[in-house]
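The values are calculated or read from the model by the stated rules, or taken from the named source; none is laboratory data. Treat the numbers as computed from the prediction; the structure is a model and nothing was measured. Here the Cβ is made from the backbone with ideal geometry for all residues, glycine too, and neighbour counts use every protein chain on show.
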Amino acid sequence: MIELYVLIGLMIAGSLIAIEVKNLLSAVVAVGVVGLGLSIIFLILKAPDVALTQIVVEIAAVVLLIRATLNRDIAMKYCGNRPFGAIMGILFTGFVFVIALITFKDGLNLFGAPLMTVSQFYPLNAIEGTGATNVVSAIILDYRAYDTLGEATVLFTAVVGVLTVMRSPGKKKEEDLQDSK
Amino acid sequence: MSKEHDRGMTIIVKTVTRLTVGLIFLYGIYIILHGHLTPGGGFAGGVIVALSFINVDLAFGGKVSDRIFSKGSTSVIEALGGVMFLALALLGLQWGGFFDNFLHPDGEPGMLISAGIIPLENIAISLKVGAGLFAIFLTLITLQKFESEKK
C-alpha cells in the first residue's frame, strides 16, 4: 500500500502546483498529473474499467484545455490574502479530523472487505443472467440501464449546450475560417 | 493528404500521426466491440475513437479532418447513437419491459457474439460519446480561431 501514498502525495503536489503556478500551460500539465495518478490508483485498486475511462477522459480534457488556453491571454488578478477563507478551511478540516477520529477509533475495515448483500448478487448471477463476462458492462447496460440512459441524456444536454452557447458566428464566417486555416 | 504540407504541425508530427492514428482508431473499435468481455465499453472506446479524429485535426489542420469527419456529420451521428440506444430500449417492450435483454440466450458467454443486446448498446453509446466529444472539440477550436482573427 506504500505506492498508494506515493501516488496520493504526487497528486496533492500536482494540484498545489496547478493552483500556484503563473503559466497556464504549466497549470494544465499539473492537472494532467493529478488525473494520471488517479488512473494508476484505480488500476492498483483492481478497477480496470474505471482506470481506462479515467485515463482516456483525462487525455481528452487535457488536449481540450491546452487548445483552449494556448495563445489566449486570460487576465489573472491577484486576490490578496483571504483570512476568512483560511480560517474556515482550517476549522472544517479540524472538524472532519475530529469526527473521523471518533468514528474510526477501532480502525477501518479492509478495502471492500464486507461485501454488501446487494453487490453480492451481481458477480454471482451476471454471467447466467446476461451472458456478459464483464460484470461492470452487465450492470451498467442491463441491470442498471436506466442510469446509462440518464448519463447519455446528460451528455446530450452538455453537447447541445456547448454547441448553442459557443456556436460559430454565421455559416459564411465559418467557411472563411476553414479556408484561412 | 500529402498535399497538405503547409498546414497543421511539422512534418515530424504528421509522419508519426500517419503511422499511429490507425492503430489508435482500431484500439478504440476493439474496446467497443469487446466491451462485454474485457474492461472497457462504449464510453471509453468512443472517447478513444474521438481522440484519433482529434489527433488528425491537430496534426493536419482543419481541412483534412473536415474531409474525413465534418462538423455537420458529428451532430447526425451523435443523434443516431442516441436514437439507436432508445430504440433498443423500446424494442424490449415487446418481450418483457424497458431495456429487456431480448436477444440473451443466443451465443455462449465469453464469445464475441453473446450477451444479447449489450454489444449493440455499447456501439450506440460509443457513437454518441465519440461524435459528441469531437463536436465539442471542433466548436471550441473554431471559436478560438475566430477570436484570434478578430484581434
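Of note:
- Being touching a residue at least 12 places away in the same chain (Cβ under 8 Å), facing chain A (nearest Cβ under 8 Å) and in a helix (DSSP H, G or I) holds for only one residue in B:Phe53, B:Phe43, and it is B:Phe43.
- Some residue of segment A:119-127 being in contact (Cβ under 8 Å) with a residue 40 or more places away in the chain and away from chain B (no Cβ under 12 Å): no
- Cβ pairs under 8 Å, 6+ apart, first in segment A:128-153 and more than 14 Å from B:Gly116 (Cα to Cα) and touching a residue at least 12 places away in the same chain (Cβ under 8 Å), second among the small types (Gly, Ala, Ser) and not in a helix (DSSP H, G or I): A:Val136/B:Gly41
- B:Leu58 in a helix (DSSP H, G or I) and of a type outside the set (Gly, Ala, Ser): yes
- Filter result for B:Thr38 (at the interface with another protein chain (Cβ under 7 Å from one of its Cβ atoms) and surrounded by fewer than 19 Cβ atoms within 10 Å (Cβ to Cβ)): yes
- Residues that are more than 8 Å from chain B (Cβ to nearest Cβ) and at pLDDT below 75 do occur in segment A:163-171, at least one of them.
- Residue in segment B:79-98 that is farther than 16 Å from A:Val159 by Cβ, part of a loop (DSSP other than H, G, I, E, B), small (Gly, Ala, Ser) and more than 7 Å from chain A (Cβ to nearest Cβ) present: yes
- Residue count, segment A:106-137 (criterion: more than 29 Å from B:Ile31 (Cβ to Cβ) and either of a type in the set (Val, Ile, Thr) or assigned to a helix (DSSP H, G or I) (or both)): 1
- Scanning segment B:111-126 for residues that are in a helix (DSSP H, G or I) and polar (S, T, N, Q) gives B:Asn122, B:Ser126.
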